[in-house]
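Enquirer: Structure incoming, see below.
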Amino acid sequence: MRKGILVFSAISILSACLADRDINQNQSVGDTETILDEGVSDFGGTNQLKYDEHKLVVMTFNVMCSFCSNDRGDNEKWEDRVPHFGDIISRYNPDLIGLQELTYLSEIRDIQNVIKGYRPVFARDLPKNSIGWTVYPDAIILYREDRFELVESGVYWLSPTPDKPWSYGWADSNIWRIVVWAHLRQISDKRDLYFASTHFDNNYPNEEKSAPVVIERTRDWAKKMPVVVVGDFNSVRGTPAYKILTQEGVETDFRLNNSFESCARWAIVSNQFKEVSYNPKNCYDHIFISGMASWGCNWWYVDKSVYGPNSVYPSDHFPVIAELIW
């Protein structure tokens, strides 16, 4: 199989995107092309002169909390990383974004200051918890306000009591985990869409116990409209939680399908002038699709761009982006 780096301009990538290649989840990115991108470009989304009503560019990105550090300890401060998030988002112009691991309301505003045209949905106006919080943006939604209008939204908690604010999961060591969701309506043709963003806990058995909650809470929406559920699921293919989400081996009228599996092509995007690798089988961050739509996927990208004087990644996760057909 041919290897190498393909260099695309901002215009040519929209038409060529990638060399034709069937998806094989056993491939690593070393066996496919790398897109070398050296600056802000438009990969799709609604900042084009005219967007296609039947295409959605969707992103999920765990941005790494402002007080966290990666395993290497070489990460930049939050305020230095925010412009990098702006660059990544601007290059793809997603219609829908799910972000994870924000901590404070001010961080949502920080993100909004470096991108334009997005309206946030997050857990707010909550009863005060033990430390006085009334906002919890561990998982948030950003949607393009020129394309969608918000019909309704909500939040539920990944716990034995999903409707109880600030309820913990099933592990001895816990942090609050949520799903924030939005019922959106496409302005141009009044098509409805359910979009959700989540961040599963990584303490056993929280992933495995959280997955059925998501399935049950999403099932009824999928009977009425297209469904997109994104996030950091802390679960790779083959794990119990992933199998529950996709209902692997189960006869059922509802399951979440990983958009990667139906994508015509996939690649890594990087500004590094060296060989980079990525194996989608090890991905924790997923874009799931289901519901009342004949879903397709044109492309699936993972972005491994580096930033700053030390050429470091802006997070300990890589953003995942897909162009969906609905």
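The values are calculated or read from the model by the stated rules, or taken from the named source; none is laboratory data. All figures in this text were calculated on a predicted structure; none of them were measured in a lab. Glycine also receives a Cβ, built like all others from the backbone with ideal geometry; neighbour counts cover every protein chain displayed.
Enquirer: Looking at (1) modelled with pLDDT of 95 or more; (2) of a type in the set (A, V, I, L, M, F, W, C); (3) more than 16 Å from the chain's Cα centre (by Cα), which is the one condition that is false for Phe273?
Expert: The single condition Phe273 does not satisfy is (1).
Enquirer: Now, a different point. Can you name the number of the only condition in (1) within 23 Å of Cys297 (Cα to Cα); (2) modelled with pLDDT of 95 or more; (3) out of contact with any strand residue (DSSP E or B) (no Cβ under 9 Å at 6 or more places or on another chain); (4) not polar (S, T, N, Q) that Lys224 fails?
Expert: For Lys224, the failing item is (3).
Every residue, every condition in (1) in a loop (DSSP other than H, G, I, E, B); (2) more than 24 Å from Ser66 (Cβ to Cβ), yes or no:
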position	(1), (2)
Leu142	no, no
Lys164	yes, yes
Trp170	yes, yes
Lys190	yes, yes
Phe195	no, yes
Asn203	yes, no
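Enquirer: Name every residue in the range 91-122 that is assigned to a loop (DSSP other than H, G, I, E, B), at pLDDT 95 or above and not β-branched (Val, Ile, Thr), in order of residue number.
Expert: Step one: of the range 91-122, the residues assigned to a loop (DSSP other than H, G, I, E, B) are 93-95, 101-104, 115-117.
Keeping just the survivors that are at pLDDT 95 or above gives 93-95, 101-104, 115, 117.
Across the range 91-122, the qualifying residues are Asn93, Pro94, Asp95, Glu101, Leu102, Tyr104, Gly117.
Enquirer: Before we move on, is Val179 in contact with a Phe, Trp or Tyr (Cβ under 6 Å, 6 or more places away or on another chain) and of a type outside the set (D, E, K, R)? It would help to see each step written out before you state the result.
Expert: On the way: in contact with a Phe, Trp or Tyr (Cβ under 6 Å, 6 or more places away or on another chain): yes; of a type outside the set (D, E, K, R): yes.
Answer is yes for this residue.
Enquirer: Go through the range 290-326 and give me each residue that's of a type in the set (A, V, I, L, M, F, W, C) and either under 20 Å from His199 (Cα atoms) or outside any strand (DSSP E or B) (or both). Can you show your working first?
Expert: As a first pass, look at the range 290-326 and keep what is of a type in the set (A, V, I, L, M, F, W, C): 292-293, 295, 297, 299-300, 302, 306, 312, 318, 320-322, 324-326.
Across the range 290-326, the qualifying residues are Met292, Ala293, Trp295, Val302, Val306, Phe318, Val320, Ile321, Ala322, Trp326.
One line per residue, one yes/no per condition, for (1) buried (at least 17 other Cβ atoms within 10 Å of the Cβ); (2) without any contact (Cβ under 8 Å) to a residue 40 or more places away in the chain:
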residue: Asp163; (1), (2): no, yes
residue: Trp170; (1), (2): yes, yes
residue: Ser173; (1), (2): no, yes
residue: Val180; (1), (2): yes, no
residue: Asn203; (1), (2): no, yes
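Enquirer: Just to be sure before I move on: is Asp125 surrounded by fewer than 22 Cβ atoms within 10 Å (Cβ to Cβ), part of a loop (DSSP other than H, G, I, E, B), among the acidic types (Asp, Glu) and free of Cβ contacts under 8 Å to residues at least 60 places away in the same chain in the structure I sent? Let's see the steps before the verdict.
Expert: Numbers: surrounded by fewer than 22 Cβ atoms within 10 Å (Cβ to Cβ): yes; part of a loop (DSSP other than H, G, I, E, B): yes; among the acidic types (Asp, Glu): yes; free of Cβ contacts under 8 Å to residues at least 60 places away in the same chain: yes.
So Asp125 passes the test.
Enquirer: Let me ask you something else. Output the qualifying pairs, or none if there are none: Cβ atoms under 6 angstrom, residues six or more apart or on different chains, first residue in the range 269-295 and within 26 Å of Arg219 (Cα to Cα), second residue among the hydroxyl-bearing types (Ser, Thr, Tyr).
Expert: From residues that are within 26 Å of Arg219 (Cα to Cα), the pairs are Asp285/Thr60; Ile287/Thr60; Ile287/Ser259; Ile289/Ser259.
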